[in-house]
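Novice: My questions all concern the structure below.
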Amino acid sequence: MKHVLSSHQFTREKLEEIFDLAEKIKQNPKEYEHKLDDKMIAIMFYEPSTRTRLSFETAAQKLGAKIITTENAGEFSSAAKGETIEDTVKVISGYADAMVIRHKSDTSAEQAASVNKIPILNGGAGKGEHPTQALLDLFTIREKFGKIDGTRVAILGDLLYGRTIHSLLKLLSLYENIEVYGLSKEAFALPQKYIDMLKERNIEYKKCTSFEELPKDINVIYHTRIQAERFEGDFGKEEFIIDKKVLDTFSDNTILMHPLPRVIEIAVDVDDDPRAYYFKQAHNGLYIRMALLLDVFDRV
Ligand code: CP
């Protein structure tokens, strides 16, 4: 049974296969519109989402699948009465052929997959992983630069709780000559285990304290929102805000990415700049999730 649980499960070859398929779907979506006509996909989101839930729902339906869905599953599913994730999957597997789950628990996707009844796709698990986001992030980088090897990336914002950052670093580390720069408030610094993981793969992590320390011709600036829902207390607001003035200190070839939603970390005056890639990035999520759904059902 194929699941999509963690960035760790992907080899470089598998990533390229998924990216090639996503590219083909993007070029010619009509060719794929009946591939999953016989499938039902359950979309169980226990945490808020705009992009991941709606793009998975769109992806499934554009492939011909039907969906059953519950937004705010923590309140409107029987989780509110104490049902476990495992029991929920045992029940849903009688209705649906695959399930996409977002949950506040870091281990939620693994718990769902442990039942081993239907493919599980991780739509975001606590502060742990968001693998489908990382795939669409890398797909966007490959689309822009034609390759991922040699990419120099600055990660900004919430490096501590930002699951999109954690999944992205795991995937980037599969490639050659990657450079990673980190710029965040100290309270949201990248956990040592990710620095160690990068080091094991010969990637030096360069911790920075100002925009000036980032290379001006860096390929990707990847900003993230402070995940205020994941901690108690007040650590203040984002300090490293990118507006037009800041962006203009970087190269014309630098792209600005963000998994969205943004709060204050990217000013809206940047949105019309050709280097602003975050809405293109979100749109690419549709093709990556279509490709992943085809892959779990071996309908490539
Ligand atoms: N990037 C992302 O996961 O967005 P949503 O929370 O809207 O799904």
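The values are calculated or read from the model by the stated rules, or taken from the named source; none is laboratory data. None of the values given here were measured: they were computed from a predicted structure. Neighbour counts are summed over all protein chains in view; Cβ atoms, including those assigned to glycine, are modelled from backbone coordinates with ideal geometry. In case anyone asks, the SASA skips ligands and DNA or RNA and just uses the protein heavy atoms, side chains included. Shrake-Rupley method; radii C 1.70, N 1.55, O 1.52, S 1.80 Å.
Novice: Based on the alpha-carbon gyration tensor of segment 101-193, what equivalent-ellipsoid semi-axes (square roots of 5 times the eigenvalues) come out, in whole Å, largest first? Intermediate results must be reported in sequence, preceding the final value.
Specialist: Working: eigenvalues 125, 66, 19 Å².
The equivalent ellipsoid of segment 101-193 has semi-axes of 25, 18, 10 Å.
Novice: Rounded, prolate or oblate: pick one for segment 6-65, where a ≥ b ≥ c are the square roots of the eigenvalues of its C-alpha gyration tensor, a/c under 1.5 means rounded, and failing that, prolate if a/b is larger than b/c, else oblate. All intermediate terms of the calculation are to be shown ahead of the outcome.
Specialist: On the way: a/c = 1.87, a/b = 1.08, b/c = 1.74.
Oblate is the answer for segment 6-65, as a/c is 1.5 or above yet b/c matches or exceeds a/b.
Novice: Roughly how big is segment 118-190's charge dipole about its Cα centre, with Cβ charges of +1 (Lys, Arg) and -1 (Asp, Glu), in debye to the nearest 20? Let's see the in-between values first.
Specialist: On the way: 8 positive and 8 negative charges, 17 e Å.
Its charge dipole is roughly 80 debye.
Novice: Let me ask something else about it. Using unit Cβ charges (K, R positive; D, E negative) and no other charged atoms, how large, in debye to the nearest 20, is the dipole of segment 1-49 about its Cα centre? Mind showing how you got there, number by number?
Specialist: Numbers: 8 positive and 10 negative charges, 10 e Å.
The dipole of segment 1-49 has a size of about 40 debye.
Novice: For ILE242, enumerate residues with amide H under 5 Å from its amide H, sequence gap 5+ or separate chain, H modeled in the peptide plane.
Specialist: ILE266, ALA267
Novice: Pull up the DSSP beta bridges for the chain and report the antiparallel fraction as a percent, rounded to 5.
Specialist: Values: 1 of 33 bridges.
Antiparallel bridges make up about 5 percent of those DSSP assigns within the chain.
Novice: Let me ask you something else. Whenever you get a sec, line up THR151, THR50 from highest to lowest accessible area (probe 1.4 Å, protein heavy atoms).
Specialist: Working: THR151 5, THR50 80 Å².
These residues rank, largest area first, as THR50, THR151.
Novice: So which residue, out of GLU179, GLU17, GLU129, gets the largest mean-square fluctuation from a GNM of the chain using Cα contacts under 10 Å as springs?
Specialist: GLU17
Novice: Non-local amide H neighbours of TYR205 (under 5 Å, H modeled in plane, Pro and chain starts lacking H): which ones?
Specialist: none
Novice: In debye, nearest 20, what is the charge dipole magnitude of the chain about its Cα centre with +1 on Lys and Arg Cβ and -1 on Asp and Glu Cβ, if you could check? Don't skip to the answer; put the middle values down first.
Specialist: Working: 41 positive and 48 negative charges, 97 e Å.
So the magnitude is around 460 debye.
Novice: Here's another thing I want to ask about it. Would you work out what percent of the accessible area of the chain, with all protein chains in place, is carbon or sulfur (probe 1.4 Å)?
Specialist: Numbers: 6420 of 13030 Å².
The value for the chain is 49 percent carbon and sulfur by accessible area.
Novice: With a 1.4 Å probe and all protein chains kept in place, how much accessible area does MET99 have, in Å² rounded to the nearest 10?
Specialist: Result for MET99: roughly 0 Å² accessible.
Novice: On the full set of protein chains, 1.4 Å probe, figure out the accessible area of ASP38 and give it in Å² to the nearest 10.
Specialist: Accessible surface of ASP38 is approximately 100 Å².
Novice: Sticking with this one: Take each of the peptides 51-62, 164-175, average the number of other beta-carbon atoms within 10 Å over its residues, and list them starting from the highest.
Specialist: Numbers: 51-62: 20.7, 164-175: 23.4.
Per-residue Cβ counts within 10 Å, averaged per peptide and sorted highest first, yield 164-175, 51-62.
Novice: Sticking with this one: Summing +1 for each Lys or Arg and -1 for each Asp or Glu, what net charge is found among the other residues whose Cβ lies under 9 Å from the Cβ of PRO261?
Specialist: Working: positive: ARG51, ARG225, ARG262; negative: none.
That sum, taken over residues with Cβ under 9 Å, equals +3.
Novice: So what J values fall out for segment 133-145 if you push phi through Karplus, 6.51 cos²θ - 1.76 cosθ + 1.60 with θ = phi - 60°, rounded to Hz, Gly and Pro as x?
Specialist: Here the 3J(HN,Hα) series is 5, 5, 5, 5, 5, 5, 4, 5, 5, 5, 4, 6, 9 Hz.
Novice: Heavy-atom accessible area per residue, segment 1-51, 1.4 Å probe: how many Å²?
Specialist: Values: 2690 Å² over 51 residues.
Using a 1.4 Å probe on heavy atoms only, each residue of segment 1-51 averages 53 Å².
Novice: May I ask you to order 83-89, 155-161, 3-9 by the average number of other C-beta atoms within 10 Å around their residues, highest value first? Don't jump to the answer; show the numbers that get you there.
Specialist: Details: 83-89: 17.0, 155-161: 25.0, 3-9: 19.0.
By packing density, highest mean first, the sequence is 155-161, 3-9, 83-89.
Novice: Return an integer: the convex hull volume of the alpha-carbon atoms of the chain, in Å³ per residue. Let's see the in-between values first.
Specialist: Values: hull volume 37.7 nm³, N = 300.
Residue-normalised Cα hull volume stands at 126 Å³.
Novice: Let me ask something additional. Given the pairs LYS14/LYS207; LYS24/LYS206; LYS81/LYS104, which span a C-alpha to C-alpha distance of over 26 angstrom in this model?
Specialist: Numbers: LYS14/LYS207 30 Å; LYS24/LYS206 36 Å; LYS81/LYS104 17 Å.
In this structure, LYS14/LYS207; LYS24/LYS206 lie more than 26 Å apart at Cα.
Novice: Work the Kirkwood hydrodynamic radius out for segment 140-260: mean of 1/r over every pair of different alpha-carbon atoms, inverted, in Å.
Specialist: Values: mean 1/r = 0.0680 Å⁻¹.
Value: 14.7 Å, from the Cα pair sum.
Novice: Given a 1.4 Å probe and the protein chains all in place, what does the accessible area of HIS283 round to, in Å² to the nearest 10?
Specialist: Looks like 90 Å² after rounding.
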